[in-house]
Structure formats: C-alpha cells, structure tokens
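Below: one structure, written as structure tokens.
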Amino acid sequence: MAQGSIRVLRTVPGSTSLGPIVREFCRRPDGVVTAFSDAALPLARRFVEEDDAVEVQPFGDLVRSILEMCGEPALRIAGNPEQIAAVAHACLELDEESPFLRTARFPGLHKAIVNTLKELHQWGIDAFAME
C-alpha cells in the first residue's frame with residue numbers, strides 16, 4: 001500500500017505568504033498542491049516550476065481521484081450557484097409564520113442563508129444539529 005502524508009496549511013491570501021510555502025513543498029519528490037477555492041490555484045501554479053514533480057489540482061478533482069482509487073463513487077458536490085438555487089426553491093414553500101416570508105423572493109436572502117449555513121458547518125453544526 002502506498003505511503004504518504006497530507007499537510008494542510010493556511011496562509012494569508014497573496015503571493016508573499018503563498019510563494020515560499022509552495023516553493024518549499026516543491027522540494028519534495030512529488031505531491032499535489034490544492035486549495036479549497038479554485039481562485040487560489042492560478043497563484044499557486046505560478047510558484048511550481050516545469051521540472052517540479054508537483055501538480056496543482058482543484059480540490060474537487062483531487063477528492064474525486066482519491067475516491068476512484070479507493071473504488072468509491074465520486075459524486076458531484078453542489079457549487080455555490082446550485083446551493084443558492086436550492087435555498088431559493090425552499091423559500092417558495094415557506095409557511096405564513098416564517099420570518100423570511102416577506103423577503104423569500106429576494107436573491108440577497110438566499111445568499112445570506114447559504115453563507116450562514118456554511119458558517120454553521122465550519123463551526124461543526126450540521127443539519128442534524130440544526131434540526
């Protein structure tokens with residue numbers, strides 16, 4: 001079985017903090033650089049040289065390839081537009097007593113609900129806890 005390790009690093013956005021970390025990582029024999037936000041990948045890619053044995057990959061692609069190697073199905077993760085659309089659809093079915101009824105049709109509410117759900121998830125509060 002293959003051996004390896006996972007290093008998770010948080011940086012302040014920008015080339016000043018990301019550059020040295022990626023260059024240090026590239027000194028290893030091989031690996032994958034990814035980010036939770038695909039928008040950060042072009043900046044990370046700038047610090048990977050052509051002869052480095054390091055690949056820059058979107059996080060979703062990395063997870064999908066690992067799942068496939070393990071023989072598991074790689075289901076698609078809903079992106080932000082799909083999440084907002086799902087919340088908008090749910091808002092159509094609000095009952096008369098909902099405090100959100102008067103603003104249920106506005107996209108700002110849908111985005112705010114999605115952002116709040118993401119923040120709750122980051123705090124470890126999942127759907128079961130909210131229920």
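The values are calculated or read from the model by the stated rules, or taken from the named source; none is laboratory data. For clarity, every value in this text was computed on a predicted model and none was experimentally measured. Reconstructed Cβ throughout: ideal geometry from the backbone, glycine too, with neighbour counts over all protein chains shown. Areas reflect the complete protein model, heavy atoms only, side chains present, ligands, DNA and RNA absent. Shrake-Rupley method; radii C 1.70, N 1.55, O 1.52, S 1.80 Å.
Could you tell me what percent of the accessible area of the chain is made up of carbon and sulfur, with a 1.4 Å probe and every protein chain present? Write out the running numbers ahead of the final one.
On the way: 6200 of 10660 Å².
With neighbouring chains kept in place, the figure for the chain is 58 percent.
Name the GluC sites (Glu not before Pro) in the range 7-58 that are in a loop by DSSP and that have at most 15 other C-beta atoms within 10 Å, would you?
Values: sites: Glu24, Glu49, Glu50, Glu55; in loops: Glu49, Glu50.
Listed in order of number, the matching sites are Glu49, Glu50.
Report the calculated FRET efficiency for Ala104 and Asp38 (r = Cβ-Cβ distance, R0 = 30 Å), to the nearest 0.05. Intermediate results must be reported in sequence, preceding the final value.
Working: r = 30 Å, r/R0 = 1.02.
For Ala104 and Asp38, the calculated efficiency is 0.50.
Could I have the simple spin-label model distance between Arg23 and Val8, label points 7 Å from Cα toward Cβ, reported in nm to one decimal?
My value for the distance between the label points is 2.7 nm.
Would you work out the charge dipole size for the chain about its Cα centre, treating the Cβ of every Lys and Arg as +1 and the Cβ of every Asp and Glu as -1, and quote it to the nearest 20 debye? Kindly include the intermediate steps, with their values, before the conclusion.
Details: 13 positive and 19 negative charges, 97 e Å.
Computed about the Cα centre, the dipole is about 460 debye.
What area, in nm² and to one decimal, does the C-alpha convex hull of the range 55-130 cast on average over all directions?
Values: hull surface 28.9 nm².
If you wrap the Cα atoms of the range 55-130 in a convex hull and average its projections, you get 7.2 nm².
Please list Cys70, Cys26 from largest to smallest accessible area, probe radius 1.4 Å, with all protein chains kept in place. Working shown, then result.
Details: Cys70 95, Cys26 10 Å².
Heavy-atom accessible area, descending, gives Cys70, Cys26.
Looking at the chain, which longest stretch skips every one of the chymotrypsin sites (Phe, Trp or Tyr not before Pro) that is in a DSSP loop with at most 16 other Cβ atoms within 10 Å, leaving the sites themselves out?
Of all site-free stretches, the longest is 37-99.
Just check the range 1-96 against the gyration tensor rule for me: Cα atoms, a ≥ b ≥ c as the square roots of the eigenvalues, rounded for a/c under 1.5, and otherwise prolate or oblate depending on whether a/b exceeds b/c. Write out the running numbers ahead of the final one.
Values: a/c = 3.30, a/b = 1.71, b/c = 1.92.
It is oblate, given that a/c is not under 1.5 and a/b is not larger than b/c.
With bins 5 Å wide starting at 0, give me the P(r) of the range 1-57 over every alpha carbon pair, in whole percents.
Cα pair-distance distribution for the range 1-57, in percent: 4, 18, 34, 26, 13, 4, 2, 0.
Run lengths n ≥ 4 of DSSP H only: what is the helix-derived mean residue ellipticity at 222 nm for the chain, with -39500 (n - 2.57) per run over all residues, to the nearest 500? Please report the intermediate quantities before stating the final value.
Values: 6 runs with 60 residues, N = 131.
Here the helix-only value at 222 nm equals -13500 deg cm²/dmol.
For the range 59-107, which trypsin sites (Lys or Arg not before Pro) pass both filters: DSSP loop (anything but H, G, I, E, B) and at most 16 other C-beta atoms within 10 Å? Don't skip to the answer; put the middle values down first.
On the way: sites: Arg64, Arg76, Arg102, Arg105; in loops: Arg76, Arg105.
Here the sparse-neighbourhood loop sites are Arg76, Arg105.
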